[in-house]
């Protein structure tokens, strides 16, 4: 019998099996090979072993993943445990990179204006009452912040809101909301900063923002 | 509209007037009163002025000026070609050269388009030193009509949060409009004792929020209401402080540097004391 060409390589790990998939073969080829390999390695009545797939520089879409999962599901000895690939779509890259992108708005954000950005925003001016600024990242206001702001709107926990004068009408980071009437500080905070601390939303002077948040500043400054 | 164009060709005059829109966003802060008084003050100083009411459907400017029984045609008639532009203008006989183009009371804002208003304003600018446009409240078509032909803008607000926030919105819209008009601010109905007690926004707070040039302050005065009632703009009264405020604003529009009125209530007391002394009450 002729030895068949292998497109998947199996390696045992402490946490289960790692399946490395050839980067250059067709999808059909490696799916067929996977089917046969799993067939060979199946053990009767054994405990199901989790399999993690490694695709290297191959991009895998939903269709391939579904086929993959259904193949693994047909074999009781194995359990699908996710995958890793060096490739992502531009969209995914944008989403990953999005929180770290900076946008600039020159001038005063006035009542009725809505600035909605993917990433962080620097407002070179004031944010007036009635203006709305939303960002997936952080919000920095060089002037007085008196409007409505929402940082980390899609769940970025490290987002901060900083302003020369921090006196928001409504402020929110992720899904935690501060409202001026219900909570302190009602007074304007000079060089103020809001962030998510251990006890929820915290306010402090910009200079005393915890180190965890300062790392974020450092990385951004290095990138220029 | 053809007729307006015709007129443009026929009356190729050399004047390059300034078209100034008076707007506010919020209603009832004193746009119409401000338009009437600045117009009157300009006319008193010898300039030729045409006031244009763009508040179609809710016209008021003619009443404040005391010209309500004299308007025959209006801006909609001009646009639809019912009359020529000069036929619709109502002359205010108290002055050398002050005219009013009334709005229609029976139509609504959609009866004219911004382009049509712009054409009328451009025509008027050739004949008058100043064309003042009274803008309706709101940010819809009426507002778009009013700003279409304007070169400059005056934003009127009162020291109330709601009025300031609406003014802010209007300033934002003016700044982002195609014409990029830089607006100037008039703060109306100033009550210094309420500002001092913190029951009203004070001037500094308003300026901090709106951050545009201040053209002037008008004190809250019952005489303004009485003057509108009589159809005689308050600025025609030489002794009234609100009237003085409007004259100062007008002088600033003309490029003079005039110091702001001292509005502290102490001063006001002194002023009233003087007034009462003059009247022999004290």
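Would you mind calculating the relative contact order of chain B from Cα pairs under 8 angstrom and at least 6 residues apart, reporting the percent as a whole number?
Details: 551 pairs, mean separation 65.0, N = 282.
Relative contact order, chain B: 23 percent.
For residue A:14 and residue A:87, what does the FRET efficiency come to when R0 = 25 Å and r is the distance between their Cβ atoms, rounded to the nearest 0.05?
Values: r = 27 Å, r/R0 = 1.07.
According to the calculation, E is roughly 0.40.
Only bridges with both residues in the protein assembly as shown count here: give the DSSP antiparallel percent, nearest 5.
Roughly 30 percent of the beta bridges in the protein assembly as shown run antiparallel, per DSSP.
Give the percent of DSSP beta bridges with both residues in chain A that are antiparallel, rounded to the nearest 5.
Taking every DSSP beta bridge within chain A, about 40 percent pair in antiparallel fashion.
Only Cα pairs under 8 Å and at least 6 apart count here; give the relative contact order of segment A:8-84 as a rounded whole percent.
Averaging sequence separation for qualifying contacts and normalising by length gives 35 percent for segment A:8-84.
Order by neighbour count: A:74, B:126, A:57, fewest other Cβ atoms within 10 Å first, most last.
Starting with the residue having the fewest Cβ neighbours, the order is A:57, A:74, B:126.
Based on the alpha-carbon gyration tensor of segment B:148-267 and its eigenvalue square roots a ≥ b ≥ c, which shape applies: rounded if a/c is under 1.5, prolate if not and a/b is larger than b/c, or oblate?
Oblate, since a/c reaches 1.5 and b/c is not below a/b.
Assuming 1.567 mPa s and 4 °C, estimate D for the protein assembly as shown with Stokes-Einstein, Rh taken as the Kirkwood radius over Cα pairs, in µm²/s.
Rounded, D is 46 µm²/s.
May I ask you to derive the FRET efficiency for residue A:154 and residue B:194 from their Cβ-Cβ distance with R0 = 45 Å, giving the value to the nearest 0.05?
Efficiency computed from Cβ-Cβ geometry: 0.50.
Taking chain B as a Gaussian network, where each spring joins two C-alpha atoms under 10 Å apart, which residue of B:258, B:131, B:155 fluctuates the most?
Of B:258, B:131, B:155, the Gaussian network model singles out B:258 as fluctuating most.
Could you work out the relative contact order of chain A, using alpha carbon pairs under 8 angstrom and six or more residues apart, expressed as a whole percent?
Reported relative contact order: 10 percent.
Shape of segment A:71-128 from its Cα gyration tensor (a ≥ b ≥ c, root eigenvalues): rounded if a/c is under 1.5, otherwise prolate when a/b > b/c, or oblate? Write down the numbers at each step before the final one.
Working: a/c = 5.98, a/b = 3.72, b/c = 1.61.
Because a/c hits 1.5 or more and a/b exceeds b/c, segment A:71-128 counts as prolate.
What 222 nm value per residue comes from the helices of chain A, counting each DSSP H run with n ≥ 4 as -39,500 (n - 2.57) and dividing by all residues, nearest 500 deg cm²/dmol?
Result for chain A, helices only: -7000 deg cm²/dmol.
For B:201, B:101, B:214, what's the fewest-to-most ordering of other Cβ within 10 Å of each Cβ?
Numbers: B:201 21, B:101 27, B:214 16.
In increasing order of surrounding Cβ atoms, one gets B:214, B:201, B:101.
Is segment B:126-195 rounded, prolate or oblate when judged by the Cα gyration tensor, a ≥ b ≥ c being the square roots of its eigenvalues, rounded requiring a/c under 1.5 and prolate requiring a/b larger than b/c?
prolate
With runs of 4+ DSSP H residues as the only contributors, calculate the mean residue ellipticity of chain B at 222 nm using -39,500 (n - 2.57) per run, divided by the residue total and rounded to the nearest 500. Don't skip to the end; give the middle numbers.
Numbers: 13 runs with 124 residues, N = 282.
Helix-only estimate at 222 nm: -12500 deg cm²/dmol.
Tell me, A:88, B:120 in order of fewest to most beta-carbon neighbours within 10 Å?
Result, fewest neighbours first: A:88, B:120.
With only alpha-carbon pairs counted, each pair once and no self-pairs, how large is the Kirkwood hydrodynamic radius of segment B:2-278 in angstroms?
One over the average 1/r among Cα pairs gives 18.9 Å for segment B:2-278.
Sort out for me the Cα centre separation of segment B:188-217 from segment A:15-63, rounded to whole Å.
72 Å
Readers should treat all values here as calculations from the given coordinates under stated rules, not as data from a laboratory. Please read all numbers here as calculations on a predicted model, not as lab measurements. Ideal geometry is used to build each Cβ from the backbone, glycine not excepted, and the neighbour counts take in all protein chains shown.
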